[in-house]
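One structure is given below, encoded as structure tokens.
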């Protein structure tokens, strides 16, 4: 029997899921997206929803190009708002994880440190970062300091928690193995604990990033005069849904891009991690 | 002796994601007689489970035919019961619900299901554990549930895919005896897959020895020893020696 | 991962906070008394006094419980709608490749947009009343609920599906008898995430514009230059959030009695 005839070209599909080729699925997705945008366009264009409430896709695209180079009507170009937001978010995020991850790792490893820090941490943890905004404004006034503080806090907590559990869940067999080679507490921490905790550390980094970005938007809605959050707030004040939508999509896209970048970093640093 | 199952010129290959093709089964020809306990023995990763899935109807051969009672097997069916190495029990169902699952899927009423399930739970020696969850059971107990569940739909054929592979040695010996006891009490055609030579000789009426991947049938052995067999019997050991010499090693 | 936290850890958790919280409390009191931060940092005593006052006197015409209930109502209504729509949607998306192909791309456009970023649009659409707040909370809960149900079904153990097929299950039966129950733990994780995100969203929505609610409370504290009230509000927010999460965990244990706890 010829070899070609024996080959089963149908890849194993898990039973129960609709068996269809990947190609036809792609078509469905494309058609779905087209239908969505078409629907959006039609309901605005033909007046089912007023233009003051919802901008049509073409308005959004036009405004997007416009905002790339014009400051009006909120006072800054899209690029300026974007940069302001990104800078703030990254500063808050990086400074938070640089402290939070090591703290969480050490807390997980050294019980004494855990006992000291834990109660204060557990008191702060249930309070959503957004709830800090009024206090921060009272303390620091509306501006950079308040925003930075809240973003820092929102990124800090998930990093600590996930790093902590990353260490706590290290397989004791691995630790014992290294100790039979004569490694001391600090050495086994660096050589076994930390690497074993890395996957959870990255989970924490991901959560911190999305938390920071989300908190940034909230902070800019309430306590800012620049940035993407401020821009969409202005959009509402001026009854310009097109500006709001441009802002929302920029926010969404930036968040997704940063998450993607983090994923790439993660696969570089922890190549052994199976998805 | 009536032929219950037949595999004729069966080939199976898979296409990997990078496009290369890997051949698993290469011209397999096996027959199984009614109410016989056939053991398929082979090194690890050589396609035994793949073959059993073809017989079960969970997958189709790349070429060749699988026949049951002379009719081609086109898909899974409750006339062929299967016991899995990893038990495959539903964690959220109690023992009695797991055992009766096959009947539930076929529309049998609750009281009838529970009656039948209770009888089978007694048969496998798990009376008293009807309301337990799988998580609360030991490995051996879980597998008994698996066997009871497979029996519950009154299958004509029982397929067992290395059912004791995940158990410790002691439990394994115990379960081998249990399987024989249950089989003597409720005779079926059984196809039992394993990589353990002693287990194969202990259990089987006949042993089909597969080579390593891509697998073909290396040899067949008829076991004439009366049951219960003794692992230390000289005939047992001689047979074991012969088979071991003929076996391929898996890497 | 097989490590289980040592039992002493759990015992410590109950004893140590009493000692350390006392230490933190004392340090805080001293710091406040020292006047280093002036009016901005109230002492623990001030906060407790304020809390008692809040229990007795209504704030802006609404009692403390009234504020808490206002927020909870918004979250719970939104959560309820999100669950009714989101769980079936997520389950079907995970099970049926066609549904997935149609819904997922649209979902992926909206998913990265933080629910809070919807606030200006929601206010533009619905005004400043209950509707925009419930809408925002809905968005907040909807995404995690759908995503978790979706991944829960997608990762159904094929072995279990094989076992069901052998017993004679049709596709529909495989879905209802195997995939959905197997996905329940993931669904519950989605509910937890969803409701905590919803809780955060209601705060943000209330701070932008509301006349009652816990978010309104802390904003009022800010407007009245009353840090004690703000801190009380924050602690109440934390406590209610924790209570909701605990309630959900309890419900999970009742509905999924077979799920073994991983020791924490």
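The values are calculated or read from the model by the stated rules, or taken from the named source; none is laboratory data. Source: prediction; values computed, not measured. All Cβ positions, glycine included, derive from the backbone under ideal geometry; neighbour counts span all protein chains shown.
Quick one: would you say residue C:257 is part of a helix (DSSP H, G or I), more than 10 Å from chain A (Cβ to nearest Cβ) and at pLDDT below 95? Criteria not met by residue C:257.
Note on region B:165-190: residues that are under 13 Å from the mean Cα position of the chain (by Cα) and over 16 Å from residue B:148 (Cα atoms) total 1. Among the residues of region B:168-197, those that are surrounded by 17 or more Cβ atoms within 10 Å (Cβ to Cβ) and over 24 Å from residue B:153 (Cβ atoms) comprise B:171, B:172, B:195, B:197. Just checking, which of A:63, A:77 is out of contact with any strand residue (DSSP E or B) (no Cβ under 8 Å at 6 or more places or on another chain) and crowded, with 20+ Cβ neighbours inside 10 Å? The conditions single out A:63.
Of all the numbered requirements in (1) at pLDDT 85 or above; (2) more than 10 Å from every other protein chain (Cβ to nearest Cβ), residue A:47 misses one, and that requirement is (1). For residue C:120, the requirement of being buried (at least 20 other Cβ atoms within 10 Å of the Cβ), at pLDDT below 95 and within 20 Å of the chain's Cα centre (by Cα) is not met. Would a scan of region C:163-177 turn up a residue that is farther than 17 Å from residue B:88 by Cα, more than 16 Å from the chain's Cα centre (by Cα) and at the interface with another protein chain (Cβ under 7 Å from one of its Cβ atoms)? Within region C:163-177, one or more residues are farther than 17 Å from residue B:88 by Cα, more than 16 Å from the chain's Cα centre (by Cα) and at the interface with another protein chain (Cβ under 7 Å from one of its Cβ atoms). Note on region A:50-60: residues that are assigned to a helix (DSSP H, G or I), within 13 Å of chain C (Cβ to nearest Cβ) and touching a residue at least 60 places away in the same chain (Cβ under 8 Å) total 1. Residues that are surrounded by fewer than 19 Cβ atoms within 10 Å (Cβ to Cβ) and either more than 19 Å from residue B:2 (Cβ to Cβ) or under 17 Å from the mean Cα position of the chain (by Cα) (or both) within region B:68-83 comprise B:74, B:75, B:79, listed in sequence order. Each residue in region A:178-216 was checked for being in contact (Cβ under 8 Å) with a residue 60 or more places away in the chain, closer than 18 Å to residue A:256 by Cβ and within 12 Å of chain C (Cβ to nearest Cβ), and 7 of them qualify.
For region B:3-19, state whether one or more residues are part of a strand (DSSP E or B) and without any contact (Cβ under 8 Å) to a residue 12 or more places away in the chain. Yes, region B:3-19 has at least one match. Exactly one residue among C:244, C:195 is more than 8 Å from every other protein chain (Cβ to nearest Cβ), farther than 26 Å from residue B:82 by Cβ, in contact with a helix residue (DSSP H, G or I) (Cβ under 8 Å, 6 or more places away or on another chain) and crowded, with 20+ Cβ neighbours inside 10 Å, and that residue is C:195.
Looking only at residues of region C:94-117 that are within 7 Å of chain A (Cβ to nearest Cβ) and closer than 20 Å to residue A:56 by Cα, we find that the one that is surrounded by the most Cβ atoms within 10 Å (Cβ to Cβ) is C:117.
This table checks each residue for (1) free of Cβ contacts under 8 Å to residues at least 12 places away in the same chain; (2) in contact with a helix residue (DSSP H, G or I) (Cβ under 8 Å, 6 or more places away or on another chain); (3) surrounded by fewer than 20 Cβ atoms within 10 Å (Cβ to Cβ).
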{"residue": "B:106", "(1), (2), (3)": "no, no, yes"}
{"residue": "B:113", "(1), (2), (3)": "no, yes, no"}
{"residue": "B:127", "(1), (2), (3)": "yes, yes, yes"}
{"residue": "B:139", "(1), (2), (3)": "no, yes, yes"}
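Please determine whether any residue of region A:246-254 is crowded, with 24+ Cβ neighbours inside 10 Å, at the interface with chain C (Cβ under 7 Å from one of its Cβ atoms) and within 28 Å of residue A:134 (Cα to Cα). Yes, region A:246-254 contains at least one residue that is crowded, with 24+ Cβ neighbours inside 10 Å, at the interface with chain C (Cβ under 7 Å from one of its Cβ atoms) and within 28 Å of residue A:134 (Cα to Cα).
For region A:105-170, the helices (runs of 4 or more DSSP H) that sit wholly inside it and include 1 or more residues that are free of Cβ contacts under 8 Å to residues at least 60 places away in the same chain and either surrounded by 22 or more Cβ atoms within 10 Å (Cβ to Cβ) or in contact with a strand residue (DSSP E or B) (Cβ under 9 Å, 6 or more places away or on another chain) (or both) are A:133-140, A:144-168. Among strands (runs of 3 or more DSSP E) entirely within region B:189-237, having at least 1 residues that are under 13 Å from residue B:176 (Cα atoms) singles out B:189-194.
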